[in-house]
Amino acid sequence: MTIETEKPRMSLEAEKVWQALSEKTKKAIQKDHSFRADRNNEIRQLRARGVKVRVLMEITGLSRNSILRITSDIGIGDNEISVLKEDLKLFQRATGLLGHHISKIEKK
């Protein structure tokens, strides 16, 4: 079974995403792809990389509700968690220093 990967009339943003995809991914994300788990995994990966729901709708042919349902379990990735932890450490150091300076001022 051959799945057509040509997509007519897309927004410029969707066209850019479409052009960046491999042929394998283009076939995998189509609405009528026979392996839903593979399709949904590819869609989750695209969404996790920041592709907008509207763009995913255009390039997959799926409804907004379908895209939202497929991508609803996407959370914060490991890389984002480590960035947040580093930011938290910086914030804790800064507030610690601030607390120390306030204590000095209060003692005067």
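Details
- Residues in region 4-28 that are surrounded by 11 or more Cβ atoms within 10 Å (Cβ to Cβ) and of a type in the set (A, V, I, L, M) were compared, and the one that is modelled with the lowest pLDDT is MET10.
- Per-region count, region 41-51, residues surrounded by 15 or more Cβ atoms within 10 Å (Cβ to Cβ) and either more than 13 Å from the chain's Cα centre (by Cα) or in a loop (DSSP other than H, G, I, E, B) (or both): 1
- Region 65-74 - residue that is in a loop (DSSP other than H, G, I, E, B) and in contact with a helix residue (DSSP H, G or I) (Cβ under 9 Å, 6 or more places away or on another chain) and, of those, surrounded by the fewest Cβ atoms within 10 Å (Cβ to Cβ): ASP73
- Qualifying positions in region 25-40 - in a helix (DSSP H, G or I) and either farther than 21 Å from GLU13 by Cα or not hydrophobic (A, V, I, L, M, F, W, C) (or both): THR25, LYS26, LYS27, ARG36, ALA37, ASP38, ARG39, ASN40
- For GLY99, the stated conditions do not hold, so it cannot be described as assigned to a loop (DSSP other than H, G, I, E, B) and either at pLDDT below 85 or closer than 30 Å to ASP32 by Cβ (or both).
- Total residues in region 55-64, condition under 19 Å from PHE35 (Cα atoms) and assigned to a helix (DSSP H, G or I): 4
The values are calculated or read from the model by the stated rules, or taken from the named source; none is laboratory data. Just so you know, these numbers come straight off a predicted model, no measurement behind them. Neighbour counts are summed over all protein chains in view; Cβ atoms, including those assigned to glycine, are modelled from backbone coordinates with ideal geometry.
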